[in-house]
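*Asks:* So that we are looking at the same thing, I have put the structure below in structure tokens.
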Amino acid sequence: MTRSVWKGPFVDAYVLKKAEKSRESGRNEVIKIWSRRSTILPQFVGLTFGVYNGHKHIPIAVTEDMIGQKFGEYSPTRTYHGHAADKKAKRK
């Protein structure tokens, strides 16, 4: 279920502060964030965020196509190594 339109998009306050600070400084550094639940806003376009996936920060360069989606969509938390049966079949 999606969020109500009248509430507006959810963004953690510290993410907004870090983005504004980065814009003002003019440096293009990776902004480390832990908020996978925050929505990507138009103000974030052109910035690079390091989204934490539980193990490390994955750098994500925000583009216009990403607006309205969540940061967590671009930072997978699980690594798929394939099925064990598939590996045995390839060895032959």
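*Asks:* Would you be able to say whether some residue in the stretch 13-33 is at pLDDT 95 or above, of a type in the set (Ser, Thr, Tyr) and exposed (fewer than 12 other Cβ atoms within 10 Å of the Cβ)?
*Replies:* No, the stretch 13-33 contains no residue that is at pLDDT 95 or above, of a type in the set (Ser, Thr, Tyr) and exposed (fewer than 12 other Cβ atoms within 10 Å of the Cβ).
*Asks:* Something else about it: Scan the stretch 59-75 residue by residue and report those that are out of contact with any Leu (no Cβ under 9 Å at 6 or more places or on another chain) and loosely packed, with under 11 Cβ neighbours inside 10 Å.
*Replies:* Glu64, Asp65
*Asks:* When residues of the stretch 1-22 are filtered for being assigned to a helix (DSSP H, G or I) and more than 21 Å from Tyr52 (Cα to Cα), how many remain?
*Replies:* Of the residues in the stretch 1-22, 3 are assigned to a helix (DSSP H, G or I) and more than 21 Å from Tyr52 (Cα to Cα).
The values are calculated or read from the model by the stated rules, or taken from the named source; none is laboratory data. Quick caveat: nothing in here was measured; it's all calculated off a predicted structure. Cβ atoms come from the backbone with ideal geometry, glycine included; neighbour counts cover every protein chain shown.
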